[in-house]
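Below: one structure, written as structure tokens.
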Amino acid sequence: MLEDYIQRCFDLARMAEGHTSPNPMVGAVLVHQQRIIGEGYHAYYGGPHAEVNAVASVKEVDRILIPNATLYVSLQPCSIFGKTPPCTDLIIREKIKKVVISCLDHTPEVLANGLRILNAHGVEVIQNVLKREGEELALPRNKAVQLGRPYLVLKMALSIEGNYAPVDLSKSWLSNPLSLRLSHRWRAEADAILIGTNSVISDDPALDNRYYFGKSPLKVILDQHGRIPSGAKVFSGGPSLLISQAPLNADYPETVAHLNLNWNEQFWQNLLSILYARKIGILLIEGGGKVWDDLLRQHLWDEIRVLQSASSLPDGISAPKIQGHPKDVFILGTDLIKCYKNSG
């Protein structure tokens, strides 16, 4: 039964996909004598946490049962003041005596103190129920707080030969319409999307989310020497952050912010630290080849998602070689989707 309730927590948590980062997706269920009396999830960043919503959902007639109920949570309850008060305070205040969690929150203050606080107040804590699934759900958040940078997802759309663009860098679309929709879902789940200069100049992308539900991410555009025209599509339809080493000589829309950064050996570490400080928890990187090369060479990636098309581009530019085997492989229409995870 423990697994059933934790699985329900996972299902609830995923209802907020794309809305909670840089916080994790979390679900909670309150159970009394095998009856769910309350449930909730963290719906959006800055909003009430899952435990708060679960307790608030309990009907008035059932509130007397809360002290004798068991609280199931997909992630260790928080114990620090952030956008909201600590959930450990709520558990203690409601006199909940038993908490079941899937996995730990690696935010340093929470990891060090959360369970200690509950134990000190007589709360029994059962850990590691469906631990692997819980850690997978919390992975973007846990990796980001451990490394002090966003969770990095590299997306590559490739031809059947493994090429990503024609030699002349002319605009091309390789993937099928289903993969297009999937890639826009990934955009909705990310806080920001990053692209290099050549990709902007050759493809003139909008980089927004048009084919899936949810938000469009912040657009982070690398333009070391100021080569991208101010009228490029990427600068329209939402906020952008232009990273450049050169002074700006063009009039950009008001939605474009500028960050001057040196292109030195510390460039990526500096940029990722700045983005993390700006609450970017998940960063989707759509290219191009030099960007991918840099990040792979420096081992700066957490996932690689490859859309392998059945389309042919025999004389194209080859994508970087990915070491290891994909964790997940599936077919979407005529495309093969391969997902790699960085275990380092």
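Quick notes
- Output for the range 198-233, where each listed residue is among the β-branched types (Val, Ile, Thr) and surrounded by fewer than 20 Cβ atoms within 10 Å (Cβ to Cβ): Ile201
- Residue count, the range 106-121 (criterion: open to solvent by 50 Å² or more (accessible area, probe 1.4 Å), without any contact (Cβ under 8 Å) to a residue 40 or more places away in the chain and either out of contact with any strand residue (DSSP E or B) (no Cβ under 8 Å at 6 or more places or on another chain) or basic (Lys, Arg) (or both)): 8
- Number of the exception - Leu241 against (1) of a type outside the set (Gly, Ala, Ser); (2) over 30 Å from Leu336 (Cα atoms); (3) modelled with pLDDT under 95: (3)
- Candidates in the range 277-290 are the residues that are at pLDDT 95 or above and either in contact with a strand residue (DSSP E or B) (Cβ under 9 Å, 6 or more places away or on another chain) or among the β-branched types (Val, Ile, Thr) (or both); of these, the one that is most open to solvent (accessible area, probe 1.4 Å) is Arg278.
Listed here are the residues, each with its yes/no results for (1) over 21 Å from the mean Cα position of the chain (by Cα); (2) surrounded by 16 or more Cβ atoms within 10 Å (Cβ to Cβ); (3) of a type in the set (A, V, I, L, M).
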position	(1), (2), (3)
Cys87	yes, yes, no
Ile91	yes, yes, yes
Ile96	yes, yes, yes
Val99	yes, yes, yes
Leu104	no, yes, yes
Val123	yes, yes, yes
Asn128	yes, no, no
Glu135	no, yes, no
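- When residues of the range 294-315 are limited to those that are part of a helix (DSSP H, G or I) and farther than 24 Å from Asp328 by Cβ, the one least open to solvent (accessible area, probe 1.4 Å): Asp294
The values are calculated or read from the model by the stated rules, or taken from the named source; none is laboratory data. These figures come from a predicted structure and were not determined experimentally. No Cβ is skipped: glycine too gets one built from the backbone with ideal geometry, and neighbour counts run over all protein chains shown. Keep in mind that these areas ignore ligands, DNA and RNA; they rest on the heavy atoms of the full protein, side chains included. Shrake-Rupley method; radii C 1.70, N 1.55, O 1.52, S 1.80 Å.
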